[in-house]
Amino acid sequence: MARRFRGFLPVIIDVETGGFNAQTDALLQIGATTLRMDNEGYLYKDSTYFYQVEPFKNANLEKAALDFTGIDPFHPLRGARPEDEVLKEFYQHIRKAVKDNGCTRAVLVGHNAHFDHNFMMAAAERCDIKRNPFHPFSCFDTATLAGFVLGQTVLAKACILAGIPFDNAAAHAADYDAERTAELFCLMVNRFKNIGGWDLAVRATKLQEND
């Protein structure tokens, strides 16, 4: 894994929010799926984490965004937790996954990734997180990759075209979208490998020879 992505561990993240402005609008859900690589260099899903997040103090909540996601931020059964508590727990899981895969840092993978990245970084800054395992500005965007590989940039359409089942009724829940995005990312990376775009054994041997 570390050799395939220059020391980075791809972690697929989807966030649901109270708007589009990462600085002012609430972060409401985090869904994240980690990946593993088998001995032949193929990626597959590992663990999925899901968090309901309390709006931070004075956070903006746009009605249109809430209507779109169907999230009631203050529903008593939502089980939401404060941002700092969520991030500290989540980052512990990610740091362990980074270590277990022999990587040095996580890199966020998302569908329109800069949106998710901006919200995650803004939350980490609000919570004064000192050990953020994610790269501060790099990310992998599956919308771009899907446009190139499949000719589709909409997550649902790209998944369906790739043969990945997609339930529109379940979409816009962060864990569901993260898992479908992870499947799409793995499919595209593995397909690239299958057509000769990257060979783990050959590349690893060359790297060892150059060390």
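Within the set THR48, THR17, THR33, the sole residue that is touching a Gly at 6+ places or on another chain (Cβ under 8 Å), modelled with pLDDT of 95 or more and among the β-branched types (Val, Ile, Thr) turns out to be THR48.
Just one of the numbered conditions (1) touching a residue at least 60 places away in the same chain (Cβ under 8 Å); (2) part of a helix (DSSP H, G or I); (3) open to solvent by less than 30 Å² (accessible area, probe 1.4 Å) is not true of ALA143: (1).
Strands (runs of 3 or more DSSP E) fully within region 2-56 that include at least 2 residues being farther than 13 Å from MET120 by Cβ and among the hydroxyl-bearing types (Ser, Thr, Tyr): 27-37, 43-52. For region 116-140, the set of residues classified as farther than 25 Å from LEU184 by Cβ, in contact (Cβ under 8 Å) with a residue 60 or more places away in the chain and either touching a strand residue (DSSP E or B) at 6+ places or on another chain (Cβ under 6 Å) or open to solvent by less than 10 Å² (accessible area, probe 1.4 Å) (or both) consists of ALA122 only. Here is the figure for region 151-166: residues that are open to solvent by less than 40 Å² (accessible area, probe 1.4 Å) and either in contact (Cβ under 8 Å) with a residue 24 or more places away in the chain or not in a loop (DSSP other than H, G, I, E, B) (or both) total 5.
Here is the figure for region 116-127: residues that are within 12 Å of the chain's Cα centre (by Cα) and acidic (Asp, Glu) total 1. The set of residues in region 26-59 that are in contact (Cβ under 8 Å) with a residue 60 or more places away in the chain and under 14 Å from ASP116 (Cα atoms) comprises LEU27, GLN29, ILE30, GLY31, ALA32, THR33.
Identify, please: which residue in region 95-115 is farther than 18 Å from ALA22 by Cβ, open to solvent by 80 Å² or more (accessible area, probe 1.4 Å) and touching a residue at least 12 places away in the same chain (Cβ under 8 Å) and is, among those, farthest from the chain's Cα centre (by Cα)? Restricting to residues being farther than 18 Å from ALA22 by Cβ, open to solvent by 80 Å² or more (accessible area, probe 1.4 Å) and touching a residue at least 12 places away in the same chain (Cβ under 8 Å), the top hit is THR104. Checking each residue in region 24-43 for being touching a helix residue (DSSP H, G or I) at 6+ places or on another chain (Cβ under 6 Å) and either farther than 22 Å from LYS88 by Cβ or open to solvent by 50 Å² or more (accessible area, probe 1.4 Å) (or both) picks out GLY41, TYR42, LEU43.
With respect to ASP72, is the statement that it is open to solvent by 70 Å² or more (accessible area, probe 1.4 Å) and either touching a strand residue (DSSP E or B) at 6+ places or on another chain (Cβ under 9 Å) or not aliphatic (A, V, I, L, M) (or both) true? The answer is yes for ASP72.
The values are calculated or read from the model by the stated rules, or taken from the named source; none is laboratory data. The structure presented is a predicted model; accordingly, all values stated were derived computationally and were not measured. Cβ atoms come from the backbone with ideal geometry, glycine included; neighbour counts cover every protein chain shown. Heavy atoms of the whole protein, side chains included, go into the accessibility calculation; ligands, DNA and RNA do not. Shrake-Rupley method; radii C 1.70, N 1.55, O 1.52, S 1.80 Å.
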